[in-house]
Amino acid sequence: MRQLYLVRHATPAVQPNVPAIEWPLADRGIEEARALAEIARAWDLRAVYASREPKAQSTALIIAEPSLLPVHVVDGFEELRIDHWIGNSDEFGDTVREILAQPALSLRGAERAETAAERFASAIRIVEQGPFPAAAVTHGRVLSAWLGATLQLEDPFALWRSIPMPGWTRLDLDRLEPGIPPAFHSEAP
């Protein structure tokens, strides 16, 4: 059994004039990550991975600290890119819905969801070479794109909307069930 904990990073310090890939954790996010680290103690992790983005790396470092594990940064776990700031939450949600519903298309200048899912799958193959149980700290849209493609989900947007920040789920990479979206938690089950 290869147990992988997929983790969406904690709350970032949103800075509209700074690219989202550079956002650090907010003070609230640091506290959220500390609470998640307490939950993660029970996971008996043997490896922790993160995307290159500071908000994911910081979340991963806080989760890994109690176990004295290093955090391995893996290319491919970065967020599905949207190249421009969308300040209106309804417009942002509509954009994400379109991107996830039409994964083969580049919509509104954003990365194609199928491209994001493919690079995420490459990152998962790197994780598969390491020890388990493992955790990968990443981002909501790319998680939804990969899980949507891998599990052949009918509505990856609904999954994206359901993932709390921070949020986590446990997958057995040897027993993925097509059509069944995983439940993400913000606290102990």
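The relative contact order of the chain, computed from alpha carbon pairs under 8 Å that lie at least 6 residues apart in sequence, is 31 percent.
Once you order the gyration tensor axes a ≥ b ≥ c over the Cα atoms, which shape class does segment 20-63 get: rounded for a/c under 1.5, otherwise prolate or oblate by comparing a/b with b/c?
oblate
Electrostatic tally near residue 165: other residues with Cβ closer than 11 Å to its Cβ, Lys and Arg +1, Asp and Glu -1, net +2. Site pair residue 106 and residue 22 shows an inter-label distance of 2.3 nm when each label is modelled 7 Å from Cα along Cα→Cβ. Comparing segment 70-182 with the 2.2 N^0.38 Å rule of thumb, its C-alpha radius of gyration ratio is 1.05 (two decimals). Modelled this way, with points 7 Å down the Cα-to-C-beta line, the labels at residue 46 and residue 172 are 1.7 nm from one another.
Cβ under 15 Å from residue 178's Cβ, residue 178 left aside: what net charge do those residues give with Lys, Arg +1 and Asp, Glu -1? Within the 15 Å Cβ shell, the charges total -4.
One chain, two ends: residue 84 and residue 122. Fully extended at 0.36 nm per residue, the span grows by 11.1 nm beyond their Cα-Cα distance.
No value in this document is a laboratory result; all are computed from the given coordinates. No experiment lies behind these values; they were computed from the predicted model shown. Here Cβ is always computed from backbone atoms with ideal geometry, including for glycine, and neighbour counts include all displayed protein chains.
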